[in-house]
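The values are calculated or read from the model by the stated rules, or taken from the named source; none is laboratory data. None of the values given here were measured: they were computed from a predicted structure. Cβ placement follows ideal geometry from the backbone for every residue including glycine, while neighbour counts extend to all protein chains displayed.
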Amino acid sequence: MTTHQSKIEKLIAELCPNGVEFKEFGGVCEIADNKRRPVASSLRVAGKTPYYGANNIQDYVEGFTHEGDFVLIAEDGSASLENYS
């Protein structure tokens, strides 16, 4: 009988020989999605701050809504690392 492992299972076996502990994402970090304020392109004021969308930087705008370092997780669109900065 052949056992089929997913890519993630193979990576866990290779990189974490003692296994991993799975936790809910919100239990290990703060999720700031509810603070996001999408702005239609016609309403954006040109500036120097990158404006991120589902497929990387969409525009550069004046001002910002979040200060700090953040991890952006693809929700839709391309989840390919080759298409993200």
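Within the range 51-85, how many residues turn out to be modelled with pLDDT of 90 or more and part of a strand (DSSP E or B)?
Looking only at that region, the number is 3.
Please determine whether any residue of the range 29-42 is modelled with pLDDT of 80 or more, among the hydrophobic types (A, V, I, L, M, F, W, C) and not in a loop (DSSP other than H, G, I, E, B).
No, the range 29-42 contains no residue that is modelled with pLDDT of 80 or more, among the hydrophobic types (A, V, I, L, M, F, W, C) and not in a loop (DSSP other than H, G, I, E, B).
In the range 5-21, which residues are part of a loop (DSSP other than H, G, I, E, B), modelled with pLDDT under 90 and not small (G, A, S)?
Q5, P17, listed by residue number.
Of all residues in the range 11-40, count the ones that are over 17 Å from the mean Cα position of the chain (by Cα), surrounded by fewer than 10 Cβ atoms within 10 Å (Cβ to Cβ) and of a type outside the set (K, R).
Keep residues of the range 11-40 that are over 17 Å from the mean Cα position of the chain (by Cα), which gives 11-23, 39-40.
Going one step further and asking which of them are surrounded by fewer than 10 Cβ atoms within 10 Å (Cβ to Cβ), we end up with 14-15, 17-19, 21-23, 40.
Next, only the ones that are of a type outside the set (K, R) stay: 14-15, 17-19, 21-22, 40.
Residues that pass the stated criteria total 8.
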